[in-house]
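The structure appears right after this line, and notes come after that.
The values are calculated or read from the model by the stated rules, or taken from the named source; none is laboratory data. Keep in mind that this is a model prediction, so the values were computed, not measured. Glycine also receives a Cβ, built like all others from the backbone with ideal geometry; neighbour counts cover every protein chain displayed. Protein only, heavy atoms only, side chains kept; ligands, DNA and RNA dropped before computing areas. Shrake-Rupley method; radii C 1.70, N 1.55, O 1.52, S 1.80 Å.
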Amino acid sequence: MLTRNIYRRLDSQSGFSLIELAVVLVIIGVVIGSFIGTLNSRIESSRYIDTLSELDDIKVALYGYAVSKNPPHLPCPDCRTGSCAALTAGNIANDGLEDRNGIDCDANVDGTLGNLPWHTLGIGDRDAWANRYSYWVSETVVHDTGTALDLTTAIISATINTRTGENIAVLTNAAAAIVLSHGSNNYGAISVDAVMRPNAIADDEVENTNNDNVFVSRNITEPGAVTTSGDDFEFDDVLVWISAYEYKGNMVQAGVLPKPEPEP
């Protein structure tokens with residue numbers, strides 16, 4: 001009898017109740033969910049770091065292109081599907097080659113975003129989210145015939161603003177060329193398969209896709225972020241730009257533009 005009672009006690013204490021199992025499963029779920037969230041965050045951070053690094057490489061490639069030309073000039077955009085009213089014979093949209101028509105570009109370069117001509121520049125064809133880099137360039141610095149650019153040439157430029165909450169400030173009003181990734185939400189981007197992503201919603205991302213000469217570069221915010229007044233504040237675009245003075249200075253340093261004459 002004593003031996004039987006001992007076995008019964010051991011048997012009654014050998015398993016978990018349903019409540020205990022449920023608690024354990026909840027804890028495991030929380031741990032796994034936290035791990036996945038952290039992993040996704042690290043992956044996205046890595047993608048942004050890689051994109052920033054590639055954008056710096058793109059600037060170097062643009063300068064390399066410019067100094068190899070006579071007269072020095074930057075490449076035209078590669079037209080997006082439907083972004084050019086008419087392509088010059090032989091030019092094809094979204095093929096990575098600049099779409100040039102002699103001195104001019106097929107895109108209305110001072111009002112229309114194109115793709116970065118990755119094939120012409122010999123660089124990667126996509127950002128970390130499998131979209132094309134967008135490219136805006138001043139018509140002043142793409143001319144490959146006629147009067148060469150010199151230090152006295154006034155360059156038609158774009159403005160780049162930044163924002164903190166409701167407050168807008170000008171970062172520069174002298175951008176001669178801009179390259180941008182539309183980030184992880186893909187709004188306003190075009191895929192490597194020439195598929196247009198959904199249109200931008202938040203004001204600052206709309207500014208980077210509305211085909212004018214004003215752009216925005218600011219801190220990244222989470223999806224669904226709003227300002228104190230309730231305006232959509234989501235933003236994850238990543239931009240680099242070449243200022244008109246930076247462009248001229250690098251051309252002088254490379255020896256393809258003459259140094260200014262010393263004042264008497």
Protein chains only, probe 1.4 Å: how do Cys76, Cys105 rank by accessible area, largest first?
Cys105, Cys76
Projecting each Cα onto the charge dipole of the chain (Lys/Arg +1, Asp/Glu -1 at the beta carbon, about the Cα centre), which of Leu52, Thr112, Ala85 comes out farthest on the positive side?
Leu52
Those aspartates and glutamates that a straight Cα-Cα span of less than 13 Å connects to Lys259, excepting residues fewer than 8 apart in one chain:
Asp150
Evaluate the distance, in nm, between pseudo-label points positioned 7 Å from the Cα of Asn70 and of Val252 along their respective Cα→Cβ axes.
2.3 nm
Heavy atoms of the protein only, probe of 1.4 Å, neighbouring chains included. What is the accessible area of Lys259 in Å², nearest 10?
150 Å²
Give the Rg/Rh ratio for the chain, taking Rg as the radius of gyration of the Cα atoms and Rh as the Kirkwood radius, to two decimals.
1.27
What distance in nm lies between label points placed 7 Å from Cα along the C-beta direction at Asn199 and Asn211?
1.2 nm
Residue span Leu25 to Asn167: 0.36 nm per residue of separation minus Cα-Cα distance leaves a gain in nm of 46.4 nm
Accessible area, probe 1.4 Å, largest first, for residues Arg100, Arg42, Arg47
Arg42, Arg47, Arg100
Relative to the longest principal Cα axis of the chain, at what angle does helix 18-67 sit, 0 to 90 degrees, rounded to 10?
10 degrees
Label Ser46 and Arg126 with points 7 Å out from Cα along Cα→Cβ: what is the distance between them in nm?
1.7 nm
Simple Cβ-charge dipole of the range 111-264, Lys/Arg +1 and Asp/Glu -1, about Cα centre, in debye nearest 20:
400 debye
Ordering Glu234, Glu44 by how much accessible area each has at a 1.4 Å probe, largest first, what is the list?
Glu44, Glu234
